[in-house]
Every structure is written in C-alpha cells, then in structure tokens.
1. Could you tell me which trypsin sites (Lys or Arg not before Pro) in region 242-276 are loop residues by DSSP with no more than 10 other beta carbons within 10 angstrom of their beta carbon?
2. In what sequence do 175, 14, 103 fall when counting other Cβ within 10 Å, fewest first?
3. Fewest to most neighbouring Cβ within 10 Å: what's the order for 120, 112, 66, 257?
4. 222 nm [θ] for the chain, helices only, -39500 (n - 2.57) per DSSP H run of 4+, per residue, to 500?
5. Could you list 254, 229, 207 in order of exposure, starting from the residue whose Cβ has the fewest other Cβ atoms within 10 Å?
6. Report, in debye and to the nearest 20, how large the dipole of the chain comes out about its Cα centre when Lys and Arg carry +1 and Asp and Glu carry -1 on their Cβ.
7. Which of the trypsin sites (Lys or Arg not before Pro) found in region 155-219 are loop residues per DSSP with 14 or fewer other Cβ atoms within 10 Å of their Cβ?
8. Taking R0 as 51 Å, what FRET efficiency do you get between residue 53 and residue 12 from their Cβ-Cβ distance, rounded to the nearest 0.05?
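Values in this text are rule-based calculations from the coordinates and carry no lab data. What you are looking at is a predicted structure, and each value in this text was computed from that prediction instead of being measured. Cβ placement follows ideal geometry from the backbone for every residue including glycine, while neighbour counts extend to all protein chains displayed.
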Amino acid sequence: MKLSQSQREQFDREGYLFFPGLFSADETRTLTHAVPELYSRREAYNVREKGSDAVRTNFAAHLYSDPFARLARHPRMIGPVQDLLGEPLYMHQFKINGKMAFEGDVWQWHQDYGTWLNDDLMPTERAMNVAIFLDDVTPFNGPLMFIPGSHKLGVLDAGHDLNTTSYPLWTINNELIGKLVERAGGKQGGIVSPLGPAGSMILFHSCLVHASGSNLSPFNRVSVYLSLCAVSNHIRRHKRVEYIAHRDFTPIACLPDDCLLQPYRVELPWKNGLPASALQTSLAEISPSLKLAA
Ligand code: SIN
Ligand code: MN
C-alpha cells in the first residue's frame, strides 16, 4: 500500500494518518480470538493494571503467537511506514494493550521517542507507531488522544512517572500540555481522537504527544501497538529487557496481503517461553557496526 502525496503532506502537518476499517472483520477476528489465552498467561510479559488482574499491556506476542507473528509482517501495515521512513524496518516494540472494560487505566501525556532515546539510546526519531484496533473505539472506552502537530517540536521535557499507573512512563507536565493544545487550536481541534470500528489503523509519529483516559464503559478497548524502527536507527543500549525493547534488527520481510486469513508459516522463537537472555540488561553502549554484522 503506497501513500498519496496528500497523505504524506497530512502526515507531515498533523503527525498521524487514520485508516478506518483497514482490516476486515474476518481478519480482525483471527487476532481477537487469540487475546484471552495470551492475557491468561502468568508471564513477565503480561503487565497488569495497578491493583487489578486486568492486563494493561502484553509485550512481544509476535514472537510466540502465530496470528500476531503474521500481523507483524502485514504489507498493509509495513508498506506505508516503509514508504514514509524510506528504509527497511525492524520491530522495536510490540504490545497488545488491554484498556479493559471498567478496569483500563489512563496513559498519561507522553511522546514515545522520549523513552526510546532516554532508555534505549535510539539515535533519531526515525521510528513509527502503529495502532490497530481490535475492538470498536468510541468516545466511551478510553480512545487515544493526539495533539496535532506536536511532533514538530522534537523531544519535549518529561519526568519519569513511576507512581500513577503500573507501567513507568516519561510524562509531560500539565502546564506544557496546556500550551501545546492551545498552539494546536485549543477547543477547536487542539486535541483529536480517531474513532472507528475494529480493524482500523493509525500511523503516528514517534514524537507526537498522546494520552488516553480510563475506560469506565462496559466495552473493552483492546488495541495492538507496533513500533517500527528504520534498521539503521536501531537502539544502541539494552537497558530494558528484550521483551520490551527488541534486539533483533533483521529487516521485516512481508507476507502476502491475505496473511491474516491463510496459515502462512512463521517462526515463533519464544513459543516455549522467554529465553534467559531476554531478561538480561546492560547499561553499556553497543557498537552499531558490531551489532549489524552479527
Ligand atoms: C501508549 O501510548 O503506548 C498506549 C496508549 C493507549 O493504549 O491508549
Ligand atoms: Mn505511547
């Protein structure tokens, strides 16, 4: 899937592109059906909400779940990102965020690239976030919120919040958020929320400021978030465990367009559990040439 000139201009201006209903109900169902069993696992890669058993984030399912491994190679998702970044991509992070009915907690205002730079030493912002809805996203179940154009400001000041939710995040303070929203149009479009059916996809810039409220509705809001990084821009440090920040910089090879409906064979290197190496961390900076040659 190639992007038009006007889509490229829109992405440059606003920092995101929305594709409502990009994946069919049959394609989406293949993924949705796999989620309850993945969430039921008592594994480190399932991060639960504070004080609750509901899963907030499941990490790295593309390495141990067949349908998600096929999604990670989908040309309808990889194609436009490769088009925008102009280079082969690898998977930096893969999450299935729960935001479960009544239980799903907030994601405070943040930029993803801030974390990738601070924690993982990713050299530049040449990485993209992709959100794929596995449930309908409505005003009631904690939709993602963006501040359009905020990606143009580069990395903003952030503080490491270890308390608000069960997952640590580099968050932006309320005063700065107020200014950014005003700059983007205040009450007239200073915050936007793409809403749509299950199967919709959003591409958003790694510096776009975003957040989401809690889900007090009786409707789950399960979404997949993939973070794709240009291969030459791979991370230079393994401070975080491997199931959160990946270390395999091999370019993603796409499957055919019907890969969510046909049982194409894919490798599942972690299907028998996390290897011990995936839990090892280091503050040492890795040499780019050594790593790429490996
Ligand atoms: C994220 O920013 O990584 C998650 C946001 C959300 O699930 O609403
Ligand atoms: Mn984020």
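1. Numbers: sites: 247, 265, 271; in loops: 247, 265, 271.
When the trypsin sites (Lys or Arg not before Pro) of region 242-276 are filtered for loop state and at most 10 Cβ neighbours within 10 Å, 265 remain.
2. Values: 175 8, 14 22, 103 19.
Ordered from fewest to most neighbouring Cβ atoms within 10 Å, 175, 14, 103 come out as 175, 103, 14.
3. Details: 120 22, 112 25, 66 17, 257 14.
Lowest to highest Cβ neighbour count: 257, 66, 120, 112.
4. Rounded to the nearest 500, the figure is -6000 deg cm²/dmol.
5. Numbers: 254 15, 229 28, 207 20.
Exposure proxy ranking, most exposed first: 254, 207, 229.
6. On the way: 28 positive and 30 negative charges, 52 e Å.
The calculation lands at about 260 debye.
7. Working: sites: 179, 183, 187; in loops: 187.
Of the trypsin sites (Lys or Arg not before Pro), the ones in loops of region 155-219 whose Cβ has at most 14 other Cβ atoms within 10 Å are 187.
8. Working: r = 42 Å, r/R0 = 0.83.
Computed FRET efficiency for residue 53 and residue 12: 0.75.
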